[in-house]
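The values are calculated or read from the model by the stated rules, or taken from the named source; none is laboratory data. Since the structure is predicted, the reported quantities are computational estimates derived from the model, not experimental observations. Every residue, glycine as well, gets a Cβ built from its backbone with ideal geometry; the counts of neighbours run over all protein chains shown. The area values use the complete protein model at the heavy-atom level, side chains included, leaving out ligands, DNA and RNA. Shrake-Rupley method; radii C 1.70, N 1.55, O 1.52, S 1.80 Å.
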Amino acid sequence: MSKYFSRKPGELKAYVPGEQPRNVQQLIKLNTNESPLPPAPEVIDAVAAAAQKANLYCDPTMFKLREDLASIYGYTPDHFTLGNGSDELLSFAFLAFCNKEIGVAYADITYGFYSVLSRLYATDTKIIPLDAQYCINPYDYSALGRTIFIANPNAPTGIALTRAQIEGVLQANPDNVVVIDQAYVDFGAECAIPLVKKYDNLLVINTFSKSRSFAGGRVGFAVAQPELIANLETIRNSINPYNVNSLSQAAAHAILQHNDYYMQNCSVIAQNRAYLTKQLDALGFTTLPSMTNFVFTRHPAISGEQLYLQLKQRAILVRYFDSPRLRDFCRITIGTREQVDALLDAIRSIL
Ligand code: PMP
């Protein structure tokens, strides 16, 4: 650490992303929940066309995209804003709705970025344990008097709350913002966006990184009633008004026009997930019931770390978390059918 760093030693704990190896062609990469399927060809064309005008700044209001989203979800454009990935929107939400006085609450096992942000922004934090089945118990989230962040479906467990359960949390916390981070919602869970109509304390954060095959393009969107969106806009315009670049804006517009392609891909991923889960079951694994594009699975004969290391030796990357309740598990992104079969062959040889 340099003598110029303004933060105290140990004050921050930066997020550690899953490995992004350089020799990716030689690997089966099932470690960061990307889509194995490419963007629609029209999206690639849209990026190429937008690149021709990259000498100009992008639209800082992202109006076209907010109009697209408004017509898809049945709200006006002032119900939406966009971010450089949903990570950036999560960061804006922390800045807008949490501080030392307005604390934050989230699960002990959930998306690792929440704890990174709560340290960065020095918020007062309450951690709520998952139950014995690795589920969020919505009754633990009653009248907390804090801003609540829930990943739904949760990561890395893959387990989802129903929309009715989310509604229960909203009703039990009428004076606090409830952020539903639904990065994986398109793979089978119930979407919370219809609840925005009824609840002025709901902020729903979404991403194009998973179901829209656009992780590298970095686009996320937030949906809420206009007052909450205006607060996020104040933060966004105080940090980086050009946060979604023109190439990504053009791509996102094309993505929204080719929804059928992406929803079809989601059903392929859901089929591959069911197939992988069944095969893992037959091999003696226990897999949590996933509504996402990954499974969280464990085997009595091998630790998460050992399975991760031995798969890595066979050029297959999965993710393993070195913490007490997660150590037995590996998180495996759902790939193409060919990738899933190669993974299963490798696991059989390891076992
Ligand atoms: N939320 C959850 C639950 C995630 O797993 C991820 C992906 N790591 C994100 C948000 C962030 O995704 P992105 O910034 O790519 O939109």
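Conditions (1) farther than 30 Å from residue 277 by Cα; (2) among the polar types (S, T, N, Q); (3) in contact with a helix residue (DSSP H, G or I) (Cβ under 9 Å, 6 or more places away or on another chain); (4) crowded, with 18+ Cβ neighbours inside 10 Å, marked per residue:
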{"site": "178", "(1), (2), (3), (4)": "yes, no, yes, yes"}
{"site": "184", "(1), (2), (3), (4)": "no, no, no, yes"}
{"site": "203", "(1), (2), (3), (4)": "yes, no, yes, yes"}
{"site": "212", "(1), (2), (3), (4)": "no, no, yes, yes"}
{"site": "227", "(1), (2), (3), (4)": "yes, no, no, no"}
{"site": "250", "(1), (2), (3), (4)": "yes, no, yes, yes"}
{"site": "256", "(1), (2), (3), (4)": "yes, no, yes, yes"}
{"site": "259", "(1), (2), (3), (4)": "no, yes, yes, no"}
Exercise. Can you tell me which of 130, 170, 161 is under 18 Å from the mean Cα position of the chain (by Cα) and either within 21 Å of residue 325 (Cβ to Cβ) or in a helix (DSSP H, G or I) (or both)?
Worked result: 161
Exercise. In region 103-120, which residue that is surrounded by 15 or more Cβ atoms within 10 Å (Cβ to Cβ) and part of a loop (DSSP other than H, G, I, E, B) is nearest to the ligand (Cβ to nearest atom)?
Worked result: 111
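For residue 45, indicate whether it is part of a helix (DSSP H, G or I) and of a type outside the set (Lys, Arg). Give the derivation first.
On the way: part of a helix (DSSP H, G or I): yes; of a type outside the set (Lys, Arg): yes.
The answer is yes for residue 45.
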For this session: Taking only region 292-312 into account, find how many residues are open to solvent by 30 Å² or more (accessible area, probe 1.4 Å) and under 14 Å from residue 333 (Cβ atoms).
Result: 1
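Scan region 50-67 and give yes if some residue there is aliphatic (A, V, I, L, M) and within 16 Å of the ligand (Cβ to nearest atom), otherwise no.
As a first pass, look at region 50-67 and keep what is aliphatic (A, V, I, L, M): 50-51, 54, 56, 62, 65.
After this cut, where a residue has to be within 16 Å of the ligand (Cβ to nearest atom) as well, the list is 62, 65.
There is at least one residue in region 50-67 that is aliphatic (A, V, I, L, M) and within 16 Å of the ligand (Cβ to nearest atom).
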Exercise. If you scan region 156-189, which residues turn out to be within 10 Å of the ligand (Cβ to nearest atom), closer than 16 Å to residue 288 by Cα and either assigned by TED's automatic domain parsing to the domain that holds residue 320 or out of contact with any Gly (no Cβ under 8 Å at 6 or more places or on another chain) (or both)?
Worked result: 156
Exercise. Among the residues of region 15-33, how many are open to solvent by 60 Å² or more (accessible area, probe 1.4 Å) and either within 14 Å of the ligand (Cβ to nearest atom) or in contact with a His (Cβ under 9 Å, 6 or more places away or on another chain) (or both)?
Worked result: 5
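For region 214-225, give me the residue count where each residue is more than 16 Å from the ligand (Cβ to nearest atom) and open to solvent by less than 10 Å² (accessible area, probe 1.4 Å).
Quick first cut of region 214-225, residues more than 16 Å from the ligand (Cβ to nearest atom) only: 224-225.
Add one more test, that the residue is open to solvent by less than 10 Å² (accessible area, probe 1.4 Å), and what stays is 224.
Total meeting the criteria: 1.
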Exercise. When you look at residue 89, is it assigned to a helix (DSSP H, G or I), within 16 Å of the ligand (Cβ to nearest atom) and either under 19 Å from residue 220 (Cα atoms) or assigned by TED's automatic domain parsing to the domain that holds residue 181 (or both), yes or no?
Worked result: yes
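What number of residues within region 68-93 are of a type in the set (Val, Ile, Thr) and closer than 20 Å to residue 245 by Cα? Can you show your working first?
Our first condition is that a residue be of a type in the set (Val, Ile, Thr); within region 68-93, this holds for 72, 76, 81.
Those left that are additionally closer than 20 Å to residue 245 by Cα: 81.
Counting residues in region 68-93 that are of a type in the set (Val, Ile, Thr) and closer than 20 Å to residue 245 by Cα gives 1.
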Problem set entry | Matching residues in region 72-86 - criterion: being open to solvent by less than 20 Å² (accessible area, probe 1.4 Å) and either part of a strand (DSSP E or B) or hydrophobic (A, V, I, L, M, F, W, C) (or both) | 80, 81, 82, 83
